[in-house]
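Engineer: I'd like to ask some things about the structure below.
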Amino acid sequence: MSDGGGRIDRDRRRFEEIVRGQIKRDLKRYVTGSEMIGRRGRQLVSIPVPHIELPRLRFGRNGRGQGQGEGQAQGPADGSAGDTEAVGAAGSEPGQHLLEVELRLEEMAAILGEELELPNIQPRGRARLSVTSRRYTSISRQGPRSLRHMRRTLKETLKRQIGSQTYDPDDPRLLPDADDLRFRSFREVQTPDHAAMILYMMDVSGSMGREQKEIVRLVSFWIDTWLRSQYKSLETRYMVHDAAAKQVDQDTFYRLRESGGTKISSAYELAAEMLAQQFPPSDWNVYLFHFSDGDNWSGRDTEKCLSLLRERLLPGVNLFCYGQVKSAYGSGQFMKDLDAAVADCRNVISCEILDREGILPAIKTFLGKGL
C-alpha cells in the first residue's frame with residue numbers, strides 16, 4: 001500500500017522548515033514592519049516571504065564553465081541595466097514574487113523566542129483554572145485520513161489475510177479494506193493552568209507622533225504574541241491616555257490618533273482601579289506595559305505616578321515595563337525619575353526605544369528575565 005499521505009506530510013514539514021528558516025533570517029524586517037498587524041487573524045498570521053526555490057539534483061557532467069577566477073561584473077549588451085537614467089523604467093526581466101504563507105501565532109512566538117533567547121515564564125502562585133486539551137491516546141475504527149494509523153491498519157490487514165488464507169509469503173502484499181482502517185483518537189483532559197492578564201498603556205498626547213505610536217503598536221503586538229504562547233488563559237486590556245485615561249478595545253488601540261496634554265497619573269490610577277475590581281493580583285499573573293515619550297504634565301504629577309506605583313501597582317504585579325519612545329517633542333524626563341525612584345524593584349524594567357531598530361532589543365529587555 002502506497003504511503004502517499006506520509007510523503008505529503010514529510011514534504012509539508014520540509015517546506016515549513018524552509019519557510020521557518022527564511023522567516024528567522026528576515027525576522028528583523030517582519031518585527032519592524034507595520035503590515036504584520038494588518039495580516040493577523042485570530043490564530044494565524046499571513047507572512048509575505050520571497051519565492052522559495054527548492055534545491056534539485058541535475059544529472060550530467062560537472063564541467064568547468066564561465067565564472068572561474070576574478071572577473072568584472074558586466075551589464076547586458078544593450079547597456080540598459082547600466083543606464084542610471086533608466087531607473088524605474090519598464091524592464092524585460094521577471095520581478096521577485098512574494099509568497100503568502102500562513103503560520104500559527106504560536107509558531108511566530110517560537111521563532112521570536114529562539115532568536116531573542118527568551119526564557120519560558122515561570123508563573124507565580126498556584127494554578128487556579130482548568131483548561132481542556134486533547135490527547136491522542138487511543139485507536140478508533142473511524143476518523144479522517146490525516147489521523148490514519150498506518151501500523152495498526154496494516155496489522156489488521158495482515159491478521160485478516162492470514163485468517164482468510166489469502167496471504168502469500170512469496171508475494172507479501174497487504175491490501176487493506178474498509179474494516180482494516182484504524183485511526184488515532186483523542187480524549188479530552190482537564191489540566192490546571194495559571195490565569196494571566198496584560199495591560200498595555202500608551203500615551204497618545206500631542207508630543208507622541210505617528211511614528212512613535214506605530215513603534216508602540218509593534219512592540220505590543222510581539223510582546224502579546226510571546227505571552228500568549230506562555231499562558232493558555234490570558235486576558236488582554238488596552239488603555240490610552242493624554243491628560244485623561246480611558247480603556248479601549250484592541251482595534252482602537254492599534255488605530256487611534258489623538259492629541260492633547262499628558263498626565264501619566266491618570267493611566268496609573270485607572271490601572272490600579274482595574275486590578276482591584278477585575279484582576280486581583282492574588283488570583284492573576286499581572287503584566288503592565290506603559291509606553292510614552294517621557295513627557296509629563298508636571299513634576300508633581302510624576303511624584304503622584306511614583307507613589308501609585310510603589311503603593312498600589314508594584315506590590316502585586318509580576319512585571320511593570322516602561323518603554324520610552326524617543327520623540328522630537330518629548331522631554332524624556334519620566335524615565336530618569338522612574339529609574340531613580342524604583343531602581344531596587346526587581347519587577348520594574350525600563351527601556352529607551354530610539355527608533356524601529358530598537359524594537360527587538362526592547363522586547364528582549366522586557367521579556368529576558370522570564371518574570
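What follows is calculated from the coordinates using simple rules that are stated; it is not laboratory data. Owing to the predicted nature of the structure, the values given are computational and were not obtained by experimental measurement. Quick reminder, even Gly has a Cβ in these numbers, built from the backbone with ideal geometry, and neighbours come from all protein chains shown.
Engineer: For Arg300 and Ser233, compute 0.36 nm times the residue count separating them, minus their Cα-Cα distance, and round to one decimal in nm.
Structural biologist: Between Arg300 and Ser233, full extension yields an extra 20.3 nm.
Engineer: Also, quick follow-up: Report the local net charge at Glu352: Lys and Arg +1, Asp and Glu -1, summed over other residues whose C-beta lies under 13 Å from its C-beta.
Structural biologist: Net local charge, Glu352 excluded: -2.
Engineer: Can you list which of the trypsin sites (Lys or Arg not before Pro) found in the stretch 166-237 are DSSP loop residues with at most 13 other C-beta atoms within 10 Å?
Structural biologist: The qualifying sites are Arg173.
Engineer: Further question: Run the numbers for Asn120 and Arg104: contour at 0.36 nm per residue of separation, minus the present Cα-Cα distance, in nm.
Structural biologist: 3.9 nm
Engineer: If you don't mind, another one. Obtain the nm distance between the two label points defined at Arg255 and Ser307 by a simple spin-label model: each point lies 7 Å from its Cα along the Cα-to-C-beta direction.
Structural biologist: Spacing of the two 7 Å Cα→Cβ label points: 4.0 nm.
Engineer: Sticking with this structure for a sec: So which of Lys232/Lys304; Lys336/Lys364; Lys246/Lys326; Lys28/Lys246 end up more than 29 Å apart by C-alpha?
Structural biologist: Check vs 29 Å cut-off fails for Lys232/Lys304; Lys28/Lys246.
Engineer: To the nearest 0.05, what FRET efficiency results for Arg173 and Gln278 with a Förster distance of 45 Å applied to their C-beta separation?
Structural biologist: 0.10
Engineer: Quick check: residue separation of Ser138 and Ala244 times 0.36 nm, minus the Cα distance between them. What number comes out in nm?
Structural biologist: 32.5 nm
Engineer: Then there is this: Under a crude label model (7 Å from the Cα following the beta-carbon direction), how far is Asp355 from Arg187 in nanometres?
Structural biologist: For Asp355 paired with Arg187, the spin-label model returns 5.9 nm.
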